[in-house]
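The values are calculated or read from the model by the stated rules, or taken from the named source; none is laboratory data. Nothing here was measured: the structure is a model prediction, and the numbers come from that model. Using ideal geometry, Cβ is built from the backbone for each residue, glycine included, and neighbour counts are taken over all protein chains shown. Protein only, heavy atoms only, side chains kept; ligands, DNA and RNA dropped before computing areas. Shrake-Rupley method; radii C 1.70, N 1.55, O 1.52, S 1.80 Å.
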Amino acid sequence: MPESCNSRHFSWLMKSCFPNPQDPTSKPLSPNPIITISIPTATTLSSLSDDLLLECLSRVPSSSLPSVSLVCRRWSLLLHSPSFLYLRRLHHLIHPTIFTLSAPFAASLRLPDGNDANTDGPLWKVASCLPFPVSSLDSLSHARLSAIGSRIYIIGRNEMFCYDVWSGIITSRSSMIHPRKKFATAVLSGKIYVAGGGSRAGAALEEYDPETDTWRVVAHARRRRFGCIGAAVDGVFYVIGGLKIGAALENEVTRAAAAGAEAYVYASTMDLFDVESRAWLRSRAVPGGGCAVAACAVAGYVYILTSHALELSFCRFDARRRGGGGGGSGKGFGEWCKIKSPPLPAQVRLDSTVRFSCVGVENKVVLIQVSGCIDDLLRRSGRNVRGLKEGLVLVYDCVSGEWSRGPHLPEVIRRAACVTVEC
């Protein structure tokens with residue numbers, strides 16, 4: 001649009017305002033012209049399109065999100081949409097946060113990143129007692145956690161709850177088809193997958209759709225595992241470690257025979273399930289054997305901590321199938337690499353009293369001691385070592401390859417389940 005008016009524009013304006021009376025095409029002005037004035041209607045937030053409203057809501061401070069999510073159903077749906085999360089990431093207003101649950105207590109930890117102005121060390125924030133029904137606390141004692149956006153799904157043996165970290169509201173959801181304990185779980189394409197968890201669950205691999213609040217069996221595992229760990233990368237659900245209960249399905253004769261079969265330790269292998277093709281891929285074994293005690297996925301890799309007779313080892317599995325170093329052909333997929341072990345005393349073997357949980361936070365692996373005391377473990381073996389009490393937190397930087405200490409887990413959080421959530 002031009003900034004100034006020239007003679008041509010002025011001439012057109014004059015002819016428009018004062019028509020030539022000799023021109024037969026021109027119409028004389030009415031002596032009493034009727035002037036219609038259109039009063040623009042007021043623009044409200046509710047009249048904005050979803051795109052504009054999302055742009056506004058994505059800039060709201062995190063402290064105000066609990067209130068915003070309660071305004072109306074439309075706003076609540078927008079706040080839990082993938083577009084909202086994308087815009088929050090774009091504005092650097094969303095941060096991966098570690099969430100731990102030891103029902104009814106919960107705690108959260110956000111590691112600092114390059115966008116943080118505050119240089120102080122990270123600290124755990126302990127939430128007050130979450131409003132779980134008292135009758136559900138026993139069912140949640142061995143719960144597993146899965147996060148989709150800002151919602152954490154707390155999966156117990158025969159109950160499930162959804163905790164919205166923005167609104168602080170807990171809602172009951174449909175429970176698994178088969179009750180399980182110490183099972184593997186992971187999230188792929190906005191759906192939750194679970195496998196393992198004892199003979200009662202059989203070999204059924206279940207899928208949960210949060211949109212419809214329904215579970216369904218999508219496959220049957222090759223092996224029945226108990227005490228296993230779940231991870232997910234590039235459309236593959238990894239079921240890692242645990243005890244192998246019974247024989248392989250193809251060798252089973254009757255259900256009764258399988259139930260009475262001897263349990264074998266099968267702790268150093270993992271089964272791979274492709275959720276798109278609904279097919280099992282070739283199983284993989286951790287190099288060097290040992291017992292997988294913790295695992296998680298970070299930046300296209302699966303990191304696994306294993307316990308051997310006299311030491312701990314830490315290794316990485318290349319799980320990239322659709323790009324990255326693997327390229328479109330999947331070159332590099334399936335390669336193992338042994339990396340620096342966590343800074344724990346040499347010649348220590350973890351037993352059932354000491355348990356770790358492992359979560360991925362951006363390009364870091366966070367190892368959390370959720371139960372037991374390493375000092376007590378070493379004391380039982382005749383070694384007097386101090387300083388490794390309960391709640392140890394170790395952070396591995398996948399870029400630098402170095403370990404560092406994180407803040408200890410709060411004392412009220414023991415035997416906890418852990419997950420990374422975006423909030």
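If R0 equals 35 Å, the separation of the Cβ atoms of A299 and S62 corresponds to a calculated FRET efficiency of about 0.90. In the assembled protein chains, C423 presents an accessible area of approximately 40 Å² (probe radius 1.4 Å).
Over 23 Å between C-alpha atoms is what I'm after, so list which of K338/K364; K125/K182; K244/K340 land there.
Details: K338/K364 16 Å; K125/K182 26 Å; K244/K340 28 Å.
Correct reply: K125/K182; K244/K340.
Protection proxy ranking for 48-56, 178-186, 362-370, using the average of other Cβ atoms within 10 Å per residue and placing the highest first: 178-186, 362-370, 48-56.
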